[in-house]
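J.: Input: one structure, supplied below.
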Amino acid sequence: MDPITSKKRPTFFPEHQEAIYKSLEDKHATVEVDQSDPLSTRMTLNMGPQHPATHGVLRVLMELDGEAITKCRLDTGYLHRGIEKMAENKTYQEFMPYTDRMDYLSPYSNNVALCLAVERIANIESPEKANYIRMICNELARISSHLLWLGTMVMDAGAVSFFIWTFREREKIYDIFDEVAGHRFTVSHSRIGGVNNDLTPVAVEKIKKFVREFPDELKGWHKLLDRNRIFVDRNADVGAIGHEEAIAAGLTGPALRATGIAYDIRKFDPYLHYDQIDFEVPTRTEGDNLARYYCRMEEMSESIRIIEQCFKKMPTKGPIRVDDAKKSYPSKDEVYYSMEGLIHDFMMTDTGVCPPAGAEAYHAIEAPKGELGFYIQSDGTGHPWRLKINSPSFSNLQGLETILDGEMVADTVVIIGGMDPVMGDSDK
Amino acid sequence: MDATIKEAILQKVRDRLGNDLHLVYEEYAYPLLRINQEVLHDTCRFFKEELHFSYLNDVFATDRFTSEDRFEVIYHLISLREQQRFFLKVYVDEENPVLPTVTDLWNSANWNEREVYDMFGIRFDGHPDLRRIFLPEDFKYFPLRKEFPLLGVPGSIELPSSTPDHD
């Protein structure tokens, strides 16, 4: 009896199913199908698209030999919303709230990434204070994203209460964003040419309190996990990849740095004021799941260091947005009390900034998951002619296809957790 | 990004390519070179093996929406040793949009080329597994082409039945 063909095949999107099964069979042409298999240890396993451990709608097809994965295929696209197409039909500022929905675990980084790209192509220089606010919030977003990764990854390895503890800390960051931006989750706080509003004294106090208290929490987690037999055994040598393979597979972010390559855009090509801040880029050489854990944990404490320094260097007074009605929104005071302000507000919403025709620019930031870049081509109107999003989860998921080959099926869940993909970011 | 290193690399590229290099555009931080389609694979190999661009970050396309050379495909290369980003681009004709694959040089081109194929219909010669990546195989259109309507083609694909395994 033929094990695959005799089973009832799914009836939706038949050609898609045929193609993906065929590619699974084609991947390693040298693997021979074992005909003398009385116990039928060879099977094709469909994991997802809605498996709780796939962190979104990711479907993994694995061909198994007993418990080992001989080859695997990732099927993405279940969350594809055509964000790039939408960008072509919106003004730059209108598109910014959409970026919140891409990597929805660290919306602030996405906002800033888009704004920086638009500022580069339209030759806008945002004021110093706005840049420091962006940096502080970016690092908070990094901690928030890493906290979710930590909670879910440890939960995938079997510890549930840990998830609650990381979420308690995340909740504090949500409260900070609520105070800073007026939203807890999809903040949309960055504007082209600056930020929407200044940090309130309450927000500053909340961030400072968080920065004071969080390192202790982190220390406690290190104490719990670093020498924890179950956690270490579950993660050491699991999902290992060497630095050459990692470069070839195009990994980015902590997943790449865990293989020993210190590629961090904050150092590689500094943006905002990262060149004036003293911080380190944590790397490991093992390239396995435990190395990724250490990298991200150390990154969180580096983020705390960065926020502390930002507060020291941030000017106490100064504009938080460019004071040029052709480049940025006027403040709400102007809009409510002057006719010009109202007109400018309307013009910004209706047309927005118009970069020179034929210009093309790329700007990337170090988002929590890796390089997040926006490539913009302009035709001189307020809409981008083409806006390409280079998202970290997409690159990392491609590497996952390489990493999963040869691993055990029980480790899949931990490895996916360790790579920290977000499907909204990958599928775009 | 060191400007002298960038200039040195650019000079090597100019020497190597000569008339096959059409445009050098470096107004916004990173150089963007347009090259002849015929020398694409050789140039990529040159960049990887002699200029140390071992990291291919991205491959993507744009629709220029002109009658000839309608599409362009852009390769985003990074040299970790020299700390440089370079963009290479080629024009592709609408009639027969085929390019040689670079997956033999950088594995990471695999999914990116599939994405370009999925969104623009540009095929890559020699790609090991050129399938659609986001959309189902049954979908007949290429949504990031400019003529594709924002709201989609009505009735272009049937929705999956709510009980997929039921006959």
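The values are calculated or read from the model by the stated rules, or taken from the named source; none is laboratory data. All figures in this text were calculated on a predicted structure; none of them were measured in a lab. Using ideal geometry, Cβ is built from the backbone for each residue, glycine included, and neighbour counts are taken over all protein chains shown. Heavy atoms of the whole protein, side chains included, go into the accessibility calculation; ligands, DNA and RNA do not. Shrake-Rupley method; radii C 1.70, N 1.55, O 1.52, S 1.80 Å.
J.: What residue, among those in segment A:375-402 that are in a loop (DSSP other than H, G, I, E, B) and of a type in the set (S, T, N, Q), is nearest to A:Thr252 (Cα to Cα)?
T.: Applying the filter and picking the extreme gives A:Ser391.
Here is a yes/no grid of residues against (1) without any contact (Cβ under 8 Å) to a residue 60 or more places away in the chain; (2) assigned to a helix (DSSP H, G or I); (3) within 12 Å of chain A (Cβ to nearest Cβ); (4) open to solvent by 60 Å² or more (accessible area, probe 1.4 Å):
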site	(1), (2), (3), (4)
B:Gln11	yes, yes, no, yes
B:Lys48	yes, yes, yes, yes
B:Phe65	no, no, yes, yes
B:Leu99	no, no, no, no
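J.: Still on this structure: Among the listed residues B:Tyr28, B:Tyr55, identify the single one that is among the hydroxyl-bearing types (Ser, Thr, Tyr) and without any contact (Cβ under 8 Å) to a residue 12 or more places away in the chain. Break it down into steps so the answer makes sense when it comes.
T.: Numbers: B:Tyr55 fails: without any contact (Cβ under 8 Å) to a residue 12 or more places away in the chain.
Result: B:Tyr28 is the single residue among B:Tyr28, B:Tyr55 that is among the hydroxyl-bearing types (Ser, Thr, Tyr) and without any contact (Cβ under 8 Å) to a residue 12 or more places away in the chain.
J.: Output the residue which, of all residues in segment A:247-266 that are buried (at least 24 other Cβ atoms within 10 Å of the Cβ) and at positive phi, is nearest to the other protein chains (Cβ to nearest Cβ).
T.: Filtering segment A:247-266 for residues that are buried (at least 24 other Cβ atoms within 10 Å of the Cβ) and at positive phi, the one nearest to the other protein chains (Cβ to nearest Cβ) comes out as A:Gly250.
J.: For segment B:32-79, how many residues are among the aliphatic types (A, V, I, L, M) and touching a helix residue (DSSP H, G or I) at 6+ places or on another chain (Cβ under 8 Å)?
T.: In the first step, residues of segment B:32-79 are kept if they are among the aliphatic types (A, V, I, L, M); the result is B:32-33, B:35, B:39-40, B:51, B:56, B:59, B:61, B:73-74, B:77-78.
Narrowing further to those that are touching a helix residue (DSSP H, G or I) at 6+ places or on another chain (Cβ under 8 Å): B:33, B:35, B:39, B:51, B:56, B:59, B:61, B:73, B:77.
Adding up the residues that qualify gives 9.
J.: Looking at this structure, is A:Tyr271 facing chain B (nearest Cβ under 9 Å), under 30 Å from A:Ile133 (Cβ atoms) and either aliphatic (A, V, I, L, M) or not in a helix (DSSP H, G or I) (or both)? It would help to see each step written out before you state the result.
T.: Details: facing chain B (nearest Cβ under 9 Å): no; under 30 Å from A:Ile133 (Cβ atoms): yes; either aliphatic (A, V, I, L, M) or not in a helix (DSSP H, G or I) (or both): yes.
No.
J.: Next question, about the same structure. Within the bounds of segment A:181-202, is there any residue that is surrounded by fewer than 17 Cβ atoms within 10 Å (Cβ to Cβ), acidic (Asp, Glu) and in contact (Cβ under 8 Å) with a residue 40 or more places away in the chain? Before the answer, list the steps.
T.: Within segment A:181-202, the subset surrounded by fewer than 17 Cβ atoms within 10 Å (Cβ to Cβ) is A:182-185, A:200-202.
Filter again for acidic (Asp, Glu), leaving none.
Within segment A:181-202, not a single residue is surrounded by fewer than 17 Cβ atoms within 10 Å (Cβ to Cβ), acidic (Asp, Glu) and in contact (Cβ under 8 Å) with a residue 40 or more places away in the chain.
J.: Condition test on B:Arg85, is it within 17 Å of A:Tyr375 (Cβ to Cβ) and at the interface with chain A (Cβ under 9 Å from one of its Cβ atoms)?
T.: Yes, satisfied.
J.: Hey, another quick one. Being more than 12 Å from the chain's Cα centre (by Cα), in a loop (DSSP other than H, G, I, E, B) and among the charged types (D, E, K, R) is the filter here, so list the residues in segment A:403-427 that pass it.
T.: Hits for segment A:403-427 are A:Asp405, A:Glu407.
J.: Related question: Are any of the residues in segment A:276-293 part of a helix (DSSP H, G or I), closer than 28 Å to A:Phe167 by Cβ and either in contact with a strand residue (DSSP E or B) (Cβ under 8 Å, 6 or more places away or on another chain) or within 14 Å of chain B (Cβ to nearest Cβ) (or both)?
T.: no
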